[in-house]
Amino acid sequence: MLDRIDSVMRRCAAVLAILGGLALIAVMLSTVASVTGRALIPLGLSPIRGDFELVELGTGFAVFAFLPWVQINRQHASVEILTMHLSARNNRLIDLVADILMAMIAVLLAWKHWQGTLDKLAYGETTFIIQYPVWWAYASGLVGAIGFVIISLWCVFLSLRALLSGRDQAHGEVVH
């Protein structure tokens, strides 16, 4: 049962990361098209209207979409020079504390992002050039932020299970 849940969590994190990657590819292609359009104005082409607004939207979504993938694969920056001399149990305890702290950060980010989204929705603010509602960008990032919370809580569970079971197995890989 837990293996199935872990598999679903990993697939969800992967899907979000892939969507983030596709958003970055779209940002890249639109930037190339816009710069090319600027360079070829004499030939009748033009830049993409509001290209920087689209870059902000896509990049904001991508950043939040990558967080669940990074968390479930334990790829956040870490310094192991001190922990490599500790026992496996102490390392599992450190992993649990780190995952709890990351989950708290994820909840805080999602909560503040949610408040920001509601704020932008209430004010009805739009972007300067394209005039799309700013809350759309916030809402797109919120998808990744919520995924980050869910994955972070799952990682806390996995670390707690590893600590209690005494096995050096957490997050689908051997640790320390």
Task: Between helix 88-123 and the chain: long-axis angle, C-alpha atoms, 0 to 90°, nearest 10 - done: 30 degrees
Open item on the list: Within 13 Å, Cβ to Cβ, of residue 47, how many net charges do the neighbouring residues add up to if Lys/Arg are +1 and Asp/Glu are -1?
Closed with: 0
Task: For the chain: Kirkwood Rh in Å [reciprocal of mean 1/r, alpha carbons] - done: 18.3 Å
Open item on the list: Students sometimes get this wrong: rank 85, 76 by accessible area, probe 1.4 Å, all chains present, largest first.
Closed with: 85, 76
Task: Degrees, to the nearest 10: 51-72 long Cα axis against longest axis of the chain - done: 10 degrees
Task: Folded to 0 to 90 degrees: helix 134-165 orientation relative to the chain principal axis, Cα - done: 10 degrees
Task: Residue (of 159, 63, 111) at the positive-pole extreme of the chain, dipole from beta-carbon charges - done: 159
Open item on the list: Under the 0.36 nm per residue contour assumption, what length would be gained going from the current alpha-carbon distance of residue 90 and residue 6 to full extension?
Closed with: 27.9 nm
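Show me the ranking of peptides 27-33, 49-55 by mean Cβ neighbours inside 10 Å, starting with the highest. Let's see the in-between values first.
Values: 27-33: 14.3, 49-55: 17.1.
Going from most to least packed, we get 49-55, 27-33.
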Open item on the list: Applying a 10 Å radius around every beta-carbon, put 39-46, 94-101, 117-124 in order of their mean neighbour count, most first.
Closed with: 94-101, 117-124, 39-46
Open item on the list: What value in Å³ per residue do you get for the convex hull of the alpha-carbon atoms in region 77-176?
Closed with: 110 Å³
- [ ] Quick one: which residues, 5 or more positions from residue 126 or on another chain, have an amide H under 5 Å from its amide H? H modelled 1.01 Å from N in the peptide plane, none for Pro or chain starts.
- [x] 134
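The values are calculated or read from the model by the stated rules, or taken from the named source; none is laboratory data. This is a predicted model, so every value here is computed, not measured. Positions of Cβ are generated from backbone atoms using ideal geometry, with glycine treated the same way; all protein chains shown enter the neighbour counts. Side chains included, ligands, DNA and RNA excluded: accessible areas come from the protein's heavy atoms. Shrake-Rupley method; radii C 1.70, N 1.55, O 1.52, S 1.80 Å.
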